[in-house]
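Below: one structure, written as structure tokens.
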Amino acid sequence: MQASGDGFWELDLADGSAWFSDWFCTRLQWSESAKRPAFSDLRPIMSPETWEALLRKLRSHLEERTPLDAQFSVQLTEGQTEWWHMRGSAQRNGVGHPTHFAGCIRDITASRPKTD
């Protein structure tokens, strides 16, 4: 996973727990003890509009099985803005209910057009 340069995440939809790879912990300056934060802990690095748009995409994937493919900007603690590309998919049980959600995020900042 480290060689990919991507960040990986997983959500347990039954209990709401989350796991984030070292990619996230390094960028967000989370300590080792904070490796089991909630998905909502990503909210402070996004604008309210970005957070709501991401939640709509997540819900759409879970409820309507639309592909999860989102690009959005985040504001890191050092004041640096990055653009992330998120992809993911839900794992479903035998009757089709989502139980886990997992995916990856890639920093696409360098590939975005420069704006002044």
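The values are calculated or read from the model by the stated rules, or taken from the named source; none is laboratory data. What you see is a predicted model, and the numbers here were worked out from it, not measured in a lab. No Cβ is skipped: glycine too gets one built from the backbone with ideal geometry, and neighbour counts run over all protein chains shown. Calculation scope for accessible area: heavy atoms of the full protein, side chains included, ligands and nucleic acids excluded. Shrake-Rupley method; radii C 1.70, N 1.55, O 1.52, S 1.80 Å.
Structural remarks
- Full extension of the chain between Thr66 and Thr81 gives 2.6 nm of extra length, using 0.36 nm per residue less the Cα-Cα distance.
- Ranked from largest to smallest solvent-accessible area, with a 1.4 Å probe on the protein heavy atoms, His97, His85 come out as His97, His85.
- Estimated inter-spin distance, Ala110 and Ser40, nm [label 7 Å along Cα→Cβ]: 3.6 nm
- Debye equation applied to the C-alpha atoms of the chain, log10 I(q)/I(0) at 0.14, 0.23 Å⁻¹: -0.60, -1.57
- Within the chain, helix-based [θ] at 222 nm, where runs of 4 or more DSSP H residues each add -39,500 (n - 2.57), nearest 500: -6500 deg cm²/dmol
- Ligands, DNA and RNA left out, the accessible area of the chain computed with a 1.4 Å probe is 51% carbon and sulfur.
- Note on Ala53 and Asn93: with the Förster distance fixed at 22 Å, the Cβ-Cβ geometry gives a FRET efficiency of about 0.20.
- Listed residue (Ile105, Leu68, Leu13) projecting farthest to the positive dipole end of the chain, Cβ model: Leu68
- Sites matching GluC sites (Glu not before Pro) across the range 1-108 that sit in DSSP coil, with at most 11 neighbouring C-beta atoms within 10 Å: Glu78
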